[in-house]
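Remarks on the structure that follows.
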Amino acid sequence: MKRQQLLNMWSPHRQGLWFLITSHPSKSASASLETPLTITVQAPSSSSVTFVSSLGGWDSTGRNTITKAVDPDKKTVSADLKASIAGVATVQIYDEAKPSTVDKMTVAFSASLANAYRITIQATPTVVPQTLGSTSGISTLIATVTDLSGNPVGDAPVAFEIIKNTGVGETVSPAIVMTAGTTSSGQVLGQAKSTFTAGSLSSTTGGVVIRASVVGKSLTTSIAPSGDDAKLTIGGTAGSVSIGRSTVTEVGGNNSLYIMPISVVVADSNGNSVVGAKVSLSSFPVSFNAEGRGCDVTSGYGDFLNEDSNENQALDPGEDGLRIPFPLGVTGLLSTSGVASTSDGKLTPPNSASGTLPSTVTTDASGVATFNLTYTKSNALWIFARIRASVIVLGTETVGESVFRLPALEGDIGPCRIPNSPYLY
């Protein structure tokens, strides 16, 4: 006779020779708080058996231990376990005369679906990137169903539904999930888990809403942690652009130029860095100092707005010689409509007076791009420059800008080596 045939013949299940729990061969079970769970033990060589549980009580006694006589004919004994609170009970059953003869199992207690009272949903994380190429923005959705006392409800069908989105590719899967009635595979009692996958567009803060509900039941919602709705943000698209200037200016161009390092930072609507954003840059001289001298911006007539009032790079009627104080009212000219002064047939100042910079830069992994503003020493102190950075998002321009007087190095100010302002009043 083959060895395997011998083993099968002497299997404890076939011969009834071993002490073991027969009612739940998998050694795990789930039960509701409302209904006792019967556990049966095969005890062929025992006269009495002790049942022990870490949760609940046996045979309506309320005690977590009970000793019972084995049926002499069936060689089995049973006891009913019931719990009043949810949780996982560790059950151990042993031969009273020989405690080393033991078997054990676990029982997950939860409230029944009939007693489901409230549902909550939590999304982790609440901010996800866009789904682009092989990269997916994913958030785990966990819905928890409980009874009035806060006990988890197992085996409740939970439906996940997208209530608000961008309309471009967002998904939730699976759409319906049963809450855990056991703790196998790392599950948590009363919880149902699904997955949200972002689309290719970003959203406003909290612009995506996912709702969880128990099929066929109306439950209490709008409670911690997030009621029955979870709000998510799909990031990765520019929400703001900011510009920062270096505190140190360098010298270049055979000592005739200043070079100012500048950084631009692009963040999404949740403040996270936007990687790979193409940022358009521009420089414009918003004002000039008229006839300043000796590195003293107050020595001449003061600062005046660029004659090119509509910034079209063309000298339009009424612009030549127009003098409007910058800021308004700083000089002795109180009129905000301006006065006519030196007309020379060209725009004052020229567009190049505020310096040059690259037309575009691209943000790195930190959402930062760096570049240099290069301007002539002859325009230092006499020009207010406006540096503008913009990103196009879904057809809308997001803009950041910085306006400042072009600085000069201290070594060129004392004693003054900067030429007098080239701009007449």
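The values are calculated or read from the model by the stated rules, or taken from the named source; none is laboratory data. Model, not experiment: these values are computed from the prediction. In this analysis, Cβ positions are derived from the backbone assuming ideal geometry, glycine residues included, and neighbour counts consider all displayed protein chains.
Okay, residues lined up against (1) out of contact with any His (no Cβ under 7 Å at 6 or more places or on another chain); (2) touching a residue at least 24 places away in the same chain (Cβ under 8 Å); (3) not aromatic (Phe, Trp, Tyr):
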{"residue": "SER30", "(1), (2), (3)": "yes, yes, yes"}
{"residue": "SER48", "(1), (2), (3)": "yes, yes, yes"}
{"residue": "PHE51", "(1), (2), (3)": "yes, yes, no"}
{"residue": "ASP73", "(1), (2), (3)": "yes, no, yes"}
{"residue": "THR90", "(1), (2), (3)": "yes, yes, yes"}
{"residue": "TYR94", "(1), (2), (3)": "yes, yes, no"}
{"residue": "SER110", "(1), (2), (3)": "yes, yes, yes"}
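Out of the residues in the range 359-388 meeting the condition of being more than 34 Å from the chain's Cα centre (by Cα) and β-branched (Val, Ile, Thr), tell me which one is nearest to VAL274 (Cα to Cα). Steps first, please.
Of the range 359-388, the ones more than 34 Å from the chain's Cα centre (by Cα) are 373-385.
When the remaining residues are screened for being β-branched (Val, Ile, Thr), the result is 374, 376, 383.
Values: THR374: 27, THR376: 33, ILE383: 32 Å.
That would be THR374.
Scan the range 34-55 residue by residue and report those that are part of a strand (DSSP E or B) and within 18 Å of VAL88 (Cα to Cα).
LEU37, THR38, ILE39, PHE51, VAL52, SER53, listed by residue number.
Hey, any hits in the range 241-254 for a residue that's under 26 Å from THR179 (Cβ atoms), at pLDDT 85 or above and among the acidic types (Asp, Glu)?
No, that holds for no residue.
Among the residues of the range 355-365, is there at least one that is of a type in the set (A, V, I, L, M), surrounded by 16 or more Cβ atoms within 10 Å (Cβ to Cβ), at pLDDT 85 or above and in a strand (DSSP E or B)?
In the first step, residues of the range 355-365 are kept if they are of a type in the set (A, V, I, L, M); the result is 357, 361, 365.
Imposing the further condition that a residue be surrounded by 16 or more Cβ atoms within 10 Å (Cβ to Cβ) reduces the set to 357, 361.
Pick out the ones that are also at pLDDT 85 or above and you get 357, 361.
Next, only the ones that are in a strand (DSSP E or B) stay: 361.
Yes, some residue in the range 355-365 is of a type in the set (A, V, I, L, M), surrounded by 16 or more Cβ atoms within 10 Å (Cβ to Cβ), at pLDDT 85 or above and in a strand (DSSP E or B).
Looking at VAL279, VAL264, VAL214, which one is buried (at least 19 other Cβ atoms within 10 Å of the Cβ) and either closer than 30 Å to ILE413 by Cβ or touching a Phe, Trp or Tyr at 6+ places or on another chain (Cβ under 6 Å) (or both)? It would help to see each step written out before you state the result.
Numbers: VAL279 fails: either closer than 30 Å to ILE413 by Cβ or touching a Phe, Trp or Tyr at 6+ places or on another chain (Cβ under 6 Å) (or both); VAL214 fails: either closer than 30 Å to ILE413 by Cβ or touching a Phe, Trp or Tyr at 6+ places or on another chain (Cβ under 6 Å) (or both).
Being buried (at least 19 other Cβ atoms within 10 Å of the Cβ) and either closer than 30 Å to ILE413 by Cβ or touching a Phe, Trp or Tyr at 6+ places or on another chain (Cβ under 6 Å) (or both) holds for just one of VAL279, VAL264, VAL214, which is VAL264.
I want to confirm something. Restricting to the range 134-156 and keeping residues that are of a type outside the set (Asp, Glu) and in contact with a Leu (Cβ under 8 Å, 6 or more places away or on another chain), which single residue is nearest to ALA123 (Cα to Cα)?
SER139
When you look at THR144, is it in the same structural domain as VAL209 (by TED's automatic domain parsing), of a type in the set (Ser, Thr, Tyr) and under 16 Å from the mean Cα position of the chain (by Cα), yes or no?
Values: in the same structural domain as VAL209 (by TED's automatic domain parsing): yes; of a type in the set (Ser, Thr, Tyr): yes; under 16 Å from the mean Cα position of the chain (by Cα): no.
So THR144 does not fit the description; no.
Being of a type in the set (Val, Ile, Thr) and touching a Gly at 6+ places or on another chain (Cβ under 8 Å): is that true of ILE121 here?
When the stated conditions are applied, ILE121 passes them.
Check LEU334 against each of (1) of a type in the set (A, V, I, L, M, F, W, C); (2) part of a strand (DSSP E or B); (3) at pLDDT below 95 and name the one condition it does not meet.
So the condition that LEU334 fails would be (2).
Taking the conditions exactly as written (in a strand (DSSP E or B), assigned by TED's automatic domain parsing to the domain that holds VAL399, of a type outside the set (Gly, Ala, Ser) and under 25 Å from GLN130 (Cβ atoms)), does VAL251 satisfy them or not?
Considered against the rule, which asks whether it is in a strand (DSSP E or B), assigned by TED's automatic domain parsing to the domain that holds VAL399, of a type outside the set (Gly, Ala, Ser) and under 25 Å from GLN130 (Cβ atoms), VAL251 comes out as no.
Every residue in the range 56-88 that is under 11 Å from LEU33 (Cβ atoms), modelled with pLDDT of 95 or more and outside any strand (DSSP E or B), please.
Result: GLY56, ALA83.
Scan the range 125-147 for residues that are outside any loop (DSSP other than H, G, I, E, B) and surrounded by fewer than 16 Cβ atoms within 10 Å (Cβ to Cβ) and jot them down.
LEU132, THR135, ILE138, THR140
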